[in-house]
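Shown next, in structure tokens, is the structure this report addresses.
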Amino acid sequence: MNHFRTSIPIFRLLAVLIFSCGLVKGQTTARMSSTFLARGEQVLLEISVAGDEPDEMPEIEPVENLDIQPSGRGPRVNMLPGRRLEHVFEYIVNGYETGKHTIPAVEVMVRGVPTLTEPLEFMIFNPDDLQFSEVEYNGRIIRYASSFRLLNESPYENETTPAEIKLYVPDQMIVED
């Protein structure tokens, strides 16, 4: 009976530690606006911290053949369901070396505790490989190219995998996003 009474505070302490670690872990995520880009195209990288305000702006280690720069806008604050705040840091990524690239995990300090994002993989392709087609619209001929890409090139049967479709049109054409 004495062992049971002395072990209750230990179990409570362990429960509090496990619960508090769960609150800090998993709050930090990274996402990109696209997982495939044409050589020289820019993509938006967002590092998000949900729940608590990060101690400082995350620094991204240099990655070979990539240029990663802060967007210069400062952190953006979004309201999440449950009245939680999300702090989002924006970076611009571009590169000219075709092939698969990986942005390694980024460390973000939250309440003095380091948290890591997941690494992000993406592909840069040669835009010269695009095949342009033409379509007539309102009496005008418009050239366009489209591209469909999967980051996971060999999914297993019945696997759900993200896909992206991009449509490239002439730069002088007005496009509403």
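The values are calculated or read from the model by the stated rules, or taken from the named source; none is laboratory data. Since the model is a prediction, treat every value here as computed from it, not as a measurement. So basically every Cβ, Gly included, is an ideal-geometry build from the backbone, and we count neighbours across all protein chains shown.
Yes/no per residue for (1) of a type in the set (Val, Ile, Thr); (2) surrounded by 14 or more Cβ atoms within 10 Å (Cβ to Cβ); (3) under 16 Å from residue 41 (Cβ atoms):
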residue: 86; (1), (2), (3): no, yes, no
residue: 95; (1), (2), (3): no, yes, yes
residue: 99; (1), (2), (3): no, no, yes
residue: 117; (1), (2), (3): yes, yes, no
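Among 136, 118, which is assigned to a loop (DSSP other than H, G, I, E, B) and either of a type outside the set (A, V, I, L, M) or at negative phi (or both)?
118
Looking at the stretch 121-154, which of the residues that are of a type in the set (Phe, Trp, Tyr), closer than 25 Å to residue 103 by Cα and surrounded by 14 or more Cβ atoms within 10 Å (Cβ to Cβ) is nearest to the chain's Cα centre (by Cα)?
122
Which of the residues spanning the stretch 76-104 are touching a Pro at 6+ places or on another chain (Cβ under 8 Å) and free of Cβ contacts under 8 Å to residues at least 40 places away in the same chain?
Result: 87, 102.
Do you know which residues across the stretch 77-115 are outside any strand (DSSP E or B) and modelled with pLDDT of 90 or more?
96, 97, 98, 104, 105, 106
In the list 111, 149, which residue meets the criterion of being at positive phi and either touching a Leu at 6+ places or on another chain (Cβ under 6 Å) or in contact (Cβ under 8 Å) with a residue 12 or more places away in the chain (or both)?
Just one listed residue meets the conditions, 111.
Looking at the stretch 47-69, is at least one residue in a loop (DSSP other than H, G, I, E, B), within 18 Å of residue 166 (Cβ to Cβ) and free of Cβ contacts under 8 Å to residues at least 40 places away in the same chain?
no
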